Amino acid sequence: MQLIAEETAHSPAADFLPLNGTDYVEFHVGNAKQAAYYYRAAFGMELVAYRGPETGTRDRASYVLQQGKIRFVFTTPLRPDSEIADAIRRHGDGVHDVALWVDDAESAWRETTRRGAKSIAGPHVIEDESGRIRLSAIATYGDTIHTFVERREYQGIFLPGFREIPRPDPVARPTGLLHIDHMVGNVGWGEMNRWVDFYRDVMGFSLYQHFDDNDISTEYSALMSKVMANGNGRVKFPINEPAEGRRRSQIEEYLDFYGGPGVQHIAMATADIIHTVTKLRDQGVEFLRVPVTYYADLQSRVGRIDEPIEELAKLGILVDRDDEGYMLQIFTKPVEDRPTLFYEIIQRKGSRSFGKGNFKALFEAIEREQAARGNL
Ligand code: FE2
């Protein structure tokens, strides 16, 4: 593993694609009403806005959910003859759009398409009584897109066309999730560097860390990963590709069931992982388990930490340390019946890394799940 951030970080002046952060993540799902309920009741997100036939949108329904700075949009098509319906048939439920918050959606589109991005939507304005939003969009890996959202002249709850839902949400049971730490993409064999180049050359990101198959391998399978970060470091996209192993890797399983490249996991940050994971578990979120032996040598591996190790062991939370501090993390099982998208809950205590010390234990846990599905 290499930590490369400082040397290659862009100066703001050189950043041709300044990003304020992730604006929203939009999912295409078979039943948005029920998906939204799961994220409200289990993950504790609040329903804040809606659009659908009742608000004048005829072909789809969308539910906007929020917790901390995390904003998810669940969209379902209302009729079978639509692009969204086709996407769901191929991929199942999954991430369609990783939307990025910018100050200038026109410039974001111009700078990226000039450097080779495929345009999905040119700059355009939508408006309602709360103001104007400028949007544009480009393609990334698979059928995934990046919408650029400029909301300087907008005071509404989300986007024009959405109706605000009164709060508090009686279904939501908040779990302390604060913001998105990183979002990981799975791409095909030999395609990692092509997408690393895309984020570097087209989006102005730089290489933050990288892991090869020696870092990330078990007895059976391997993968390679490079973490790309934007100029101010607020947006981090690790990119994974499968590597040769004795059995089918988790990345191959994903690619098979998703029908190509796509978002593998979204890491959400908390300031109190024991509280957050306890609540998530109580509310029905299922997590991967590592063997109890993982905790036997934890103290000697990571040194002194603030959290009681028995508590971490009870919940299955993993710990890793680097020169800058430590981090705690845990992974959910896939949240769809297809073994595709899952979540990571992460608490950083100084560390900026991605839990390299946990890769082996974690991937062995994933392989036990893969074997149970008959996919190893
Ligand atoms: Fe992660």
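Would you confirm, using the coordinates I've provided, whether GLU364 is at negative phi and in a helix (DSSP H, G or I)? Criteria met by GLU364.
When you look at PHE342, is it among the aromatic types (Phe, Trp, Tyr), under 24 Å from ILE70 (Cβ atoms), within 15 Å of the ligand (Cβ to nearest atom) and under 23 Å from the mean Cα position of the chain (by Cα), yes or no? Even if it seems obvious, please write down each step before you answer.
On the way: among the aromatic types (Phe, Trp, Tyr): yes; under 24 Å from ILE70 (Cβ atoms): yes; within 15 Å of the ligand (Cβ to nearest atom): yes; under 23 Å from the mean Cα position of the chain (by Cα): yes.
Answer is yes for this residue.
How about region 25-48: which of its residues are under 30 Å from MET203 (Cα atoms) and surrounded by fewer than 22 Cβ atoms within 10 Å (Cβ to Cβ)? The answer is VAL25, GLU26. Filtering ILE138, ILE145 for residues that are surrounded by 14 or more Cβ atoms within 10 Å (Cβ to Cβ) and in contact with an Asp or Glu (Cβ under 7 Å, 6 or more places away or on another chain) leaves a single hit, ILE145.
Among residues of region 197-211 that are closer than 23 Å to SER353 by Cβ, those with a Cβ under 6 angstrom from a residue that is crowded, with 21+ Cβ neighbours inside 10 Å and hydroxyl-bearing (Ser, Thr, Tyr), sequence gap 6+ or separate chain, pair up as PHE205/TYR199; PHE211/SER225. The set of residues in region 201-243 being touching a Phe, Trp or Tyr at 6+ places or on another chain (Cβ under 9 Å) and of a type in the set (Asp, Glu) consists of ASP215, GLU241.
Among the residues making up region 226-254, those that are part of a helix (DSSP H, G or I) and either within 16 Å of the ligand (Cβ to nearest atom) or buried (at least 24 other Cβ atoms within 10 Å of the Cβ) (or both) are GLN250, ILE251, GLU253, TYR254.
Among the residues of region 286-315, those identified as within 27 Å of the chain's Cα centre (by Cα) and either within 16 Å of the ligand (Cβ to nearest atom) or aromatic (Phe, Trp, Tyr) (or both) are PHE287, LEU288, VAL290, TYR294. Scanning region 272-285 turns up no residue that is touching a Lys or Arg at 6+ places or on another chain (Cβ under 8 Å), within 16 Å of the ligand (Cβ to nearest atom), modelled with pLDDT of 95 or more and not assigned by TED's automatic domain parsing to the domain that holds TYR24.
The values are calculated or read from the model by the stated rules, or taken from the named source; none is laboratory data. Keep in mind it's a predicted model, so treat the numbers as computed, not measured. In this analysis, Cβ positions are derived from the backbone assuming ideal geometry, glycine residues included, and neighbour counts consider all displayed protein chains.
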